[in-house]
Amino acid sequence: MVIRSAPLELTGRRVVLRPLTADDFDQWREVRRRCADWLLKWEPARIEGYPDPVEDRRTFAAGYGFGIFIGNRFRGEMNLSGIQRGPFQNGFIGYWIDEAVAGQSYTPEACAVALRFSFEDLGLHRIQISIIPRNAPSRRVMSKLGLREEGIAVRFLEINGVWEDHVCYAITAEEWWERRREFEDRWF
């Protein structure tokens, strides 16, 4: 495992992932507002009584996502969450991208960068990504990355008040190291 003393910045060929800061709020909010119809259908509903991170700078700043930057412009978010150590060594990746740049392979590149960080820097053994079956664009990301489909998790997450099934994808450290050159050639 690598211990970093400098600010964390992860790079692919065209994308940079870095932790979001309060200074990113205006760009983040602009994309979230502009792409609301594109994004909200795939996300949990906002919990009543809790601040909305799109409108509340303090709530936004309390998060732990990586911004996806193309050039110096914010274009989406990549989250590495639910990390469990001990015998599991597992984490989950979630993401979203600005509709204006969707379909240009920025999301699979950003996922590949997050996978490299997960396996090579954090020393995790397994990463999982779960997607609503009808979310064709996100399933296309998994196809481009060649991640293994493991099956359906029935009523896995509550999305907009409905318990939705999710297709589960995963990659292990062994698979990462077997395929690392392929990822390097295509995404880094």
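Between Phe60, Phe88, Phe69, the Gaussian network model of the chain with springs among Cα atoms under 10 angstrom shows the greatest mean-square fluctuation at Phe88. Convex hull over the Cα atoms of segment 113-188, averaged projected area in nm²? Seen from a random direction, the Cα hull of segment 113-188 projects 5.5 nm² on average. Between Trp38, Trp28, Trp176, the residue with the greatest mean-square fluctuation in the GNM of the chain (Cα pairs under 10 Å linked by springs) is Trp38. Rg and Dmax of segment 10-91, both derived from C-alpha coordinates alone, stand at 14.2, 42 Å. Distance between the 7 Å Cα→Cβ label points at Glu149 and Glu43: 2.7 nm. Contact order, relative form, for the chain: 22 percent (alpha carbon pairs under 8 Å, 6 or more residues apart, mean separation divided by residue count). Scanning the chain for trypsin sites (Lys or Arg not before Pro) lying in DSSP loops with no more than 15 further Cβ atoms inside 10 Å, the longest uninterrupted stretch between such sites is 135-188. From the square roots a ≥ b ≥ c of the eigenvalues of the alpha-carbon gyration tensor of segment 147-188, which class results: rounded (a/c under 1.5), prolate (a/b over b/c), or oblate? Note, shape of segment 147-188 comes out prolate. Taking only protein heavy atoms and a 1.4 Å probe, the accessible area of the chain is 51% carbon and sulfur.
Computed over neighbours whose Cβ is under 13 Å from that of Phe183, the net charge equals 0, Lys and Arg +1, Asp and Glu -1. Averaged per residue, the chain has 55 square angstrom of accessible surface, using a 1.4 angstrom probe with ligands and nucleic acids left out.
Each 10 Å bin from zero holds the following percent of Cα-Cα pairs in the chain: 9, 36, 39, 16, 1.
The values are calculated or read from the model by the stated rules, or taken from the named source; none is laboratory data. This one's a predicted model, so the numbers in the text were calculated from it and none came from an experiment. So basically every Cβ, Gly included, is an ideal-geometry build from the backbone, and we count neighbours across all protein chains shown. Heads up: the accessible areas ignore ligands, DNA and RNA and are worked out on the full protein's heavy atoms, side chains in. Shrake-Rupley method; radii C 1.70, N 1.55, O 1.52, S 1.80 Å.
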